[in-house]
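See below for the structure under consideration.
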Amino acid sequence: MGQKIEFARPDGGRTGGYYAEAGKGRPAVIVIQEWWGLNDQICGVADRFARAGYNALAPDLYAGRVTQEPDEASHLMDGLDFPGATHQDIRGAAQHLAASGAKVAVMGFCMGGALTIAASVHVPELSAGVCFYGIPPEQLARPADIRIPFQAHFANRDDWCTPAAADALEAAMKAAGRSPEIYRYDAAHGFFNERRADVYDAGCADQAWQRMMDFLRRSIG
């Protein structure tokens, strides 16, 4: 359904990505990859958004590099310029999508979830954010500083984005006067990824998708 495109960054550079179009003027969603890269699974999520009526753009944060090996994925993630990805790649995607006048949301998984929070704090073109099991270091972004509608999905069996970290995020946001929608699932980290049989949970993934769709309809149309 989608196609590879390039879009402008605020600094004048260019970033590649996968774009799935639902229709001119439709609300839009930025889809941020896991640490594996912009793979077929993430492109499939963008296609799913398009079928649901949202234009979707997944920026290629690794410039074409994709892996299925955890060690290589960790190396690629460690080498990523997270501030640059936030302020240049993701903001460029938001500006590209907002040029039509539509409202834009951001969402992502794992590493992409952490970047969703960072973008929700730092990218002014965004109208909503949905995070799946990812929290950034505080020096990149503080969840308490999110001022747009925000939803998050966390796994109870997660030793990376732990239940304690999810509880701390919720407490910090509420202490700052925010009203986040936080959901927890009796599942493992990565439960939304249907390509990973070791962690995928169809029931939890379907419930999270429906909750996200309801949230997006309320937040961006």
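Side notes on the structure shown:
- Residue tally, condition over 21 Å from residue 139 (Cα atoms) and out of contact with any Phe, Trp or Tyr (no Cβ under 9 Å at 6 or more places or on another chain), over the stretch 73-97: 1
- For residue 92: the one exception among (1) outside any loop (DSSP other than H, G, I, E, B); (2) in contact (Cβ under 8 Å) with a residue 40 or more places away in the chain; (3) within 14 Å of the chain's Cα centre (by Cα): (3)
- Scanning the stretch 54-108 for residues that are over 16 Å from residue 15 (Cα atoms) and among the hydroxyl-bearing types (Ser, Thr, Tyr) gives 54, 67, 74, 100.
- Filtering the stretch 121-135 to residues that are part of a loop (DSSP other than H, G, I, E, B) and either in contact with a Pro (Cβ under 8 Å, 6 or more places away or on another chain) or free of Cβ contacts under 8 Å to residues at least 12 places away in the same chain (or both) leaves 124, 127, 135.
- Inter-residue pairs, beta-carbon under 7 Å, first of a type in the set (Asp, Glu) and in the stretch 147-168, second in a loop (DSSP other than H, G, I, E, B) and surrounded by 14 or more Cβ atoms within 10 Å (Cβ to Cβ), 6+ apart: 158/133; 158/189
- Under the condition of being touching a residue at least 24 places away in the same chain (Cβ under 8 Å), aliphatic (A, V, I, L, M) and surrounded by fewer than 24 Cβ atoms within 10 Å (Cβ to Cβ), the residues counted in the stretch 99-110 number 1.
Bear in mind that the values in this text are calculations on the coordinates, not laboratory data. In this text the structure is predicted, and so the values were computed from the model without any measurement. Here Cβ is always computed from backbone atoms with ideal geometry, including for glycine, and neighbour counts include all displayed protein chains.
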